[in-house]
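The values are calculated or read from the model by the stated rules, or taken from the named source; none is laboratory data. Computed from a predicted model, the values in this text were never measured in an experiment. Please note: Cβ atoms are built from the backbone with ideal geometry, for glycine as well, and neighbour counts cover all protein chains shown.
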Amino acid sequence: MTLKAPELIGDTWFGTENSHLGIEDFKGRFLLLDFWTLCCVNCHHVLAELRGVEEKFKDVLTVVGVHSPKFEHEKLPESVAAAISRHGIEHPVLNDPNMATWNSYGVRAWPTLVLVDPRGDIIATYSGEGHAHAISAQLEALIPEYVDSGELVPGAGLYKSPEPTNFFLKQPGKVTEIPDHYRHLLGGADLFVSNSGGHDFVTLSSEQPGKPILRLGSGVRGNLDGSFEQAKFAEPYGAVFLDQDLAAELGVHLLVADTANHLIRGLNLETRVVTTIAGTGAQWMQKDPTSGDAREINISTPWDIEFFQGHLTIAMAGEHRIWKYDFYAKTLDIFAGTTNEGLVDGPSDQAWFAQPSGIVSSKVDPGKLWIIDAETSALRFWQDSQIESVVGRGLFDFGHADGSAQEALFQHPLGLAELPDGDLLVADTYNRAIRRYSPSTNTVSTVARGLSEPSDVEVISTVNGPRLVVVETAANRITILPVEVGDLVQGEAMRTVRQVLEVAPGAATIEITFNAPPGQKLDDRYGPSTYVVVSSTPKEFLLSGGGSGNDLIREITLNHEITEGVLHIAAKGASCDEAAAEAQCHIHQQDWGIPIQLSVGGVSVIELVLSGARG
């Protein structure tokens, strides 16, 4: 039985001259729908995975991004346009602010990929990451069939690239003050900017932030060590300068998070050479090693880095943990977190994070590491091997509200800085604001509004006193602001609008579909080919059936005394080539966070597709 692809419904098309595209416009080509949202780091991974597929099948395949937002800010067309520029997306994108297309295709999580054939029939669904090889294998197997039937018409797609811009900054991500003793090596600049969308770094003077001084990196997306002029980065973010003694010992003065390359890179400012310090360039996946030689360990989307307690701490947004790098042993290890995505406090090895994106070591309260957790819109800290949340309620709660920390709300913050008095400044990105948290009064206020996606903030000293350096990502600029006391904003609390799944209370079954792509088989050479972890928030919502195992069918029991909750299901599947003498292994993985509402008339079977053909 075939399933016709539902119509594409949204308010704005990007990357095409036709502002009213529909399913009929893609007939005669394969269509791959990529359901994503701009905040989702796993969606960023898929964008990178798809680049090779798009190039290989450009004559017969059109990729269309369907932007179905989680946060209120993400509904705005201008927010989507900024994200398209930031990530270098070169295919049409439909903004789906009301999640109409998401719902009609039965999507359960970001990212999800749906493959439609030249007739307009849905033929496969892929949820999560690691599916590029599966899509490629599926297309290679099907193209001859559709060519023979005359239904596949090779030719150019519908993408039209935007007009080029001449901004010297492109979607900048982070800013770091340059220590006095290194400024002569960086043209006298005092600000070091991660030019994330431009895949390089720029130095500036805080007195003239609109005028670049030096550019470090080739400005071409890629992964290449070498001279500053030759080196290639991919969407870099956090940076930290080392003190002179440590720099002399290690041979690098500056470390940067090369985010989309899954690397930590080192820059020697005297020899003007870039080297790789940690990571392999491959993305960490479930069950990969997490300790050992830093050059042999995969990592995943390091977003920010900080010197803390003698090691480098790494906010590993891609898999929801904090890692640490030992400068002398040159090893990596886990500092905090479990890979479960959510807001759970407690001992370091039991805490849950959700895309940690900013970390600051407190100078006022030594031993405390402040953490911005973007997807839970939370401000948290590590101290004495414990994680504690100050602001934040969970994955789907956000807003703009000041007052006591218990009442305050952020919306997907990405950066923070500490003031000399110990107060924290938060780059509240999707609220377009800079917020101030006072530990002494446990309150939050707003010090600046109307900014353009502020993704980071730094405090610098000037002759006129401290000033704030704000990265306005969507405006492609750095802004200098005075330090204000802050006003109280009584905004509103908001929740992510997602279609809840009504499930009958009591016993239920989770069924996950995972099929090996054409030409491949399930990879059970070293044990079971699948791995599933089930949990919930609140944890009392799941009475039985939680924990890890290898079966794709799981019996669970939901607590009838709790009417709403989120079911977290993480699945991993491995496949390998059938014919190759040395079969290559491929990993598929997804984390579903499914809002559940208990209802007597609800389903008793929760059906999910990790990878599989349909029809």
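Filter region 319-375 down to the residues that are part of a loop (DSSP other than H, G, I, E, B) and basic (Lys, Arg), then identify the one that is nearest to Trp284 (Cα to Cα).
My answer is Lys330.
Restricting the first residue to region 75-103 and requiring it to be in the same structural domain as Lys160 (by TED's automatic domain parsing) and farther than 18 Å from Phe26 by Cα, which pairs with a second residue that is of a type in the set (D, E, K, R) and part of a helix (DSSP H, G or I) meet a Cβ separation below 9 Å and a spacing of at least six or different chains?
Pairs that qualify, where the first residue is in the same structural domain as Lys160 (by TED's automatic domain parsing) and farther than 18 Å from Phe26 by Cα and the partner is of a type in the set (D, E, K, R) and part of a helix (DSSP H, G or I), are Val80/Glu74; Ala83/Glu74; Gly88/Arg51; Pro97/Glu74; Pro97/Lys75; Asn98/Lys75.
If a residue must be closer than 15 Å to Val469 by Cβ, in a strand (DSSP E or B) and either in contact with a Lys or Arg (Cβ under 7 Å, 6 or more places away or on another chain) or acidic (Asp, Glu) (or both), how many such residues does region 188-200 contain?
Of the residues in region 188-200, 2 are closer than 15 Å to Val469 by Cβ, in a strand (DSSP E or B) and either in contact with a Lys or Arg (Cβ under 7 Å, 6 or more places away or on another chain) or acidic (Asp, Glu) (or both).
Which residue, of Gly565, Gly491, Gly573, is of a type outside the set (Asp, Glu), in a strand (DSSP E or B), in contact with a His (Cβ under 8 Å, 6 or more places away or on another chain) and surrounded by 20 or more Cβ atoms within 10 Å (Cβ to Cβ)?
On inspection, the qualifying residue turns out to be Gly573.
For region 219-253, what are the residues that are surrounded by fewer than 19 Cβ atoms within 10 Å (Cβ to Cβ), touching a Ser or Thr at 6+ places or on another chain (Cβ under 9 Å) and in a loop (DSSP other than H, G, I, E, B)?
Asn223, Asp225, Glu229, Gln230, Gly251 - these are the residues of region 219-253 that are surrounded by fewer than 19 Cβ atoms within 10 Å (Cβ to Cβ), touching a Ser or Thr at 6+ places or on another chain (Cβ under 9 Å) and in a loop (DSSP other than H, G, I, E, B).
I'm checking my understanding of the structure. Among residues of region 409-425 that are buried (at least 23 other Cβ atoms within 10 Å of the Cβ) and touching a Lys or Arg at 6+ places or on another chain (Cβ under 8 Å), which one is farthest from Val457 (Cα to Cα)?
The residue in question is Leu409.
Scan Ile135, Ile123 and give me the residue that is part of a strand (DSSP E or B) and in contact with a helix residue (DSSP H, G or I) (Cβ under 9 Å, 6 or more places away or on another chain).
That would be Ile123, the only listed residue that is part of a strand (DSSP E or B) and in contact with a helix residue (DSSP H, G or I) (Cβ under 9 Å, 6 or more places away or on another chain).
Is there a residue being under 25 Å from the mean Cα position of the chain (by Cα), under 18 Å from Val220 (Cβ atoms) and touching a residue at least 40 places away in the same chain (Cβ under 8 Å) anywhere in region 172-181?
Yes - at least one qualifying residue is present in region 172-181.
Name the single residue that is surrounded by the fewest Cβ atoms within 10 Å (Cβ to Cβ) among those in region 389-408 being aliphatic (A, V, I, L, M) and touching a residue at least 40 places away in the same chain (Cβ under 8 Å).
The extreme case among them is Val390.
Looking at region 201-218, which of the residues that are touching a helix residue (DSSP H, G or I) at 6+ places or on another chain (Cβ under 9 Å) and not in a strand (DSSP E or B) is nearest to Val469 (Cα to Cα)?
The residue in question is Ile213.
Restricting to region 260-288, count the residues that are farther than 17 Å from Gly128 by Cβ and in a strand (DSSP E or B).
Within region 260-288, residues that are farther than 17 Å from Gly128 by Cβ and in a strand (DSSP E or B) number 12.
Would you confirm, using the coordinates I've provided, whether Glu296 is acidic (Asp, Glu) and free of Cβ contacts under 8 Å to residues at least 24 places away in the same chain?
yes
Being surrounded by 16 or more Cβ atoms within 10 Å (Cβ to Cβ) and outside any strand (DSSP E or B): is that true of Leu468 here?
No, not satisfied.
Just wondering, is there one or more residues in region 258-278 that are more than 20 Å from His320 (Cα to Cα), without any contact (Cβ under 8 Å) to a residue 24 or more places away in the chain and in contact with a Ser or Thr (Cβ under 6 Å, 6 or more places away or on another chain)?
Looking for residues that are more than 20 Å from His320 (Cα to Cα), without any contact (Cβ under 8 Å) to a residue 24 or more places away in the chain and in contact with a Ser or Thr (Cβ under 6 Å, 6 or more places away or on another chain), one finds at least one in region 258-278, hence yes.
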